[in-house]
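Contents: one structure, followed by commentary.
The values are calculated or read from the model by the stated rules, or taken from the named source; none is laboratory data. Fair warning: this is a prediction, and the values are worked out from it, not measured in the lab. Glycine also receives a Cβ, built like all others from the backbone with ideal geometry; neighbour counts cover every protein chain displayed.
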Amino acid sequence: MKILKYTIVGFAAGLTLSAHACTILEFGAENLLYPRQNTLAINFQELKAFAAGVFPTQPIFTGNDRQFEDLNAPIELAGFGYAVIHYAPGTSGNPTFNRGGTLDFYFIRGDGSCQFTFPQTGPGGNFSNGRITSVTLFMSIPDAGAALMLFAIALSALGVIHRFAKQ
């Protein structure tokens, strides 16, 4: 019985400590066919298409921050859920498909301060390996379906723990 209690306390402490960690995940890239397509509206449109149904949050257009300077230094990401990085056209990939450069998409998860320096050149391969030109940060809202599912899992887990604790 004591082992179960210590396990539960350890699990709860681990969840509490990990809740303040910052996680940054690169999850996609898209070539821009034409120059001057690095706009706020296109960045959001492409991000929304790539992130649809993949993460427990959805990007929102309001509450964004676009940065064009000091991109080689850590950028504060607190309060944002997604980042879209634009890279200028480079020497990699098919020049017909990346004349406007490449957009690289990142998912950001964490509470509190979170600083990150994005790669200074594009991903290469089929995408541009040009230099970084902008960082656009978007806020996010929880996806209602995912939040409800997580709540149901947590509630079920508490029921199982309660059942084992009674025995």
Inter-residue pairs, beta-carbon under 6 Å, first among the basic types (Lys, Arg) and in the range 121-140, second surrounded by 16 or more Cβ atoms within 10 Å (Cβ to Cβ), 6+ apart = Arg131/Ala88
Asn64 is checked against (1) modelled with pLDDT of 95 or more; (2) under 23 Å from Phe116 (Cβ atoms); (3) not small (Gly, Ala, Ser) and fails just one. What number does that condition carry?
-> (1)
Which residue out of Val84, Val54 is within 14 Å of the chain's Cα centre (by Cα), surrounded by 19 or more Cβ atoms within 10 Å (Cβ to Cβ) and not hydroxyl-bearing (Ser, Thr, Tyr)?
-> Val84
Residue that is under 28 Å from Thr57 (Cα atoms), modelled with pLDDT under 95 and surrounded by 14 or more Cβ atoms within 10 Å (Cβ to Cβ), where the choices are Phe105, Phe127 = Phe127
Output the number of the condition that Phe44 fails; it satisfies all remaining conditions of (1) in a strand (DSSP E or B); (2) surrounded by 15 or more Cβ atoms within 10 Å (Cβ to Cβ).
-> (1)
Looking at (1) exposed (fewer than 13 other Cβ atoms within 10 Å of the Cβ); (2) touching a His at 6+ places or on another chain (Cβ under 9 Å), can you tell me which one Leu33 breaks?
-> (2)
By residue number, the members of the range 85-96 that are assigned to a loop (DSSP other than H, G, I, E, B) and touching a Phe, Trp or Tyr at 6+ places or on another chain (Cβ under 9 Å) are Gly90, Ser92, Gly93
Looking at (1) in a loop (DSSP other than H, G, I, E, B); (2) surrounded by fewer than 15 Cβ atoms within 10 Å (Cβ to Cβ); (3) free of Cβ contacts under 8 Å to residues at least 40 places away in the same chain, can you tell me which one Asn72 breaks?
-> (3)
